[in-house]
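This report concerns only the one structure given below.
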């Protein structure tokens with residue numbers, strides 16, 4: 001295994017090779033007088049307490065995932081069945097769209113002909129062609145009320161108007177980590193535009209990154225922690241280790257989020273092992289950032305500048321800011337009123353962050369400049 005120093009050097013060389021560009025608009029400007037991040041030269045955020053405006057006749061269940069499209073519209077995937085039964089008539093469809101100001105645009109989704117809607121909605125992604133990808137993480141023995149006792153082993157692809165396009169995998173279909181047809185309770189997914197490949201954090205039932213052709217759904221490759229072959233250990237109960245040593249165990253434990261950078265690096269949030277691992281597009285391990293003694297890697301997203309200077313990672317009670325090139329933690333975003341680390345997070349083109357927190361709701365963190373900006 002490469003030394004930590006060598007892995008960091010390789011990562012930095014790959015990032016620098018993408019080329020330097022001028023500072024983007026979202027990184028310019030003065031910071032407010034009250035800082036909401038720790039440390040110098042870090043992004044500062046403020047909670048927008050008015051975002052979003054949900055129509056009075058609608059009720060949203062637990063918000064599981066959040067994504068931003070090319071027009072900076074914000075897409076929320078929630079769980080209608082988490083609402084009390086007496087609110088069923090008011091339940092919004094599972095996919096709800098708002099603009100950046102929080103105005104309601106539309107809603108759609110749910111069971112329909114020709115596809116298997118997940119029983120427990122989990123991950124949402126809008127790809128570069130505007131297609132909507134979503135999946136679920138239900139397990140038949142997890143005892144969640146009001147859902148069918150099946151395993152969500154599929155991903156669905158729709159147009160932005162809710163027209164069904166494709167299903168990868170089948171409900172209750174998984175054969176484990178070596179299965180090339182099915183997922184197994186996938187947590188998150190992202191399409192990489194240059195290759196049109198779908199990278200999946202297949203991380204609740206399986207312990208792998210799985211890659212598919214986003215046009216055909218054909219399986220292409222897979223890998224586990226440190227780029228090794230993943231080993232089956234299927235169970236509904238999440239194992240929460242309290243401590244372990246760096247670099248952590250040799251397998252993923254709830255691979256919960258995945259992002260692919262503009263320069264072709266894959267970032268995988270291994271939630272219960274409190275680390276973000278970095279890979280090449282082909283699955284070669286490059287490096288990781290880990291906090292063995294503190295909750296970390298609940299989710300992740302990339303800053304919107306061309307170089308994608310920062311990784312935003314849900315950890316402890318806020319959003320941890322990581323220097324992407326050096327894989328070093330710079331500080332933590334904790335503005336007053338933040339919902340915490342969140343369940344899934346996303347960034348828009350202006351640098352704002354959006355948080356979906358299943359047990360607490362959802363919110364917008366408005367970008368207010370950089371600490372120490374002149």
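Some values worked out for this structure:
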| read-out | value |
| --- | --- |
| For 294, 195, order by how many other beta-carbon atoms lie within 10 Å, fewest first | 294, 195 |
| Per-residue [θ]222 nm for the chain (sum of -39500 (n - 2.57) over DSSP H runs n ≥ 4, rounded to 500) | -1000 deg cm²/dmol |
| Ellipsoid semi-axes in whole angstrom, largest first, where each is sqrt(5λ) of the Cα gyration tensor of the stretch 147-207 | 20, 16, 10 |
| Diffusion constant of the stretch 234-290 at 4 °C, which comes from Stokes-Einstein with the Kirkwood Cα-pair radius and 1.567 mPa s, µm²/s | 107 µm²/s |
| Cα Rg, Dmax (largest Cα-Cα span) when computed across the chain, Å | 19.4, 58 |
| Listed peptides 163-169, 80-86 by packing density, highest first (mean Cβ within 10 Å) | 163-169, 80-86 |
| q = 0.31, 0.32 Å⁻¹, the stretch 184-226: log10 I(q)/I(0) [Debye, one scatterer per Cα] | -1.10, -1.13 |
| Rg over Rh, two decimals, the stretch 294-370 (C-alpha only, Kirkwood Rh) | 0.93 |
| Mean Cα-pair separation over length for the stretch 217-346, i.e. relative contact order, pairs under 8 Å, 6 or more apart, % | 17 percent |
| Normalised contact order of the chain, rounded percent, pairs of Cα under 8 Å and 6 or more residues apart | 19 percent |
| Cα-based Rg and Dmax for the stretch 300-343, where Dmax is the largest Cα-Cα distance (Å) | 10.5, 30 |
| Relative counts (whole %) of C-alpha pair distances in the stretch 75-217, using bins that are 5 Å wide | 2, 10, 19, 23, 21, 14, 7, 3, 1, 0 |
| Prolate/oblate/rounded call for the stretch 212-333, Cα gyration tensor, a/c under 1.5 rounded | oblate |
| Binned Cα-Cα distance frequencies in the stretch 173-268 - 5 Å width, integer % | 2, 14, 24, 25, 18, 10, 5, 2, 0 |
| Listed peptides 132-142, 49-59, 330-340 by packing density, highest first (mean Cβ within 10 Å) | 132-142, 330-340, 49-59 |
| Relative contact order, percent, the stretch 43-99 [alpha-carbon distance under 8 Å, six or more residues apart] | 33 percent |
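FYI, it's all coordinate maths here, none of it is from the lab. Since the structure is predicted, the reported quantities are computational estimates derived from the model, not experimental observations. Ideal geometry is used to build each Cβ from the backbone, glycine not excepted, and the neighbour counts take in all protein chains shown.
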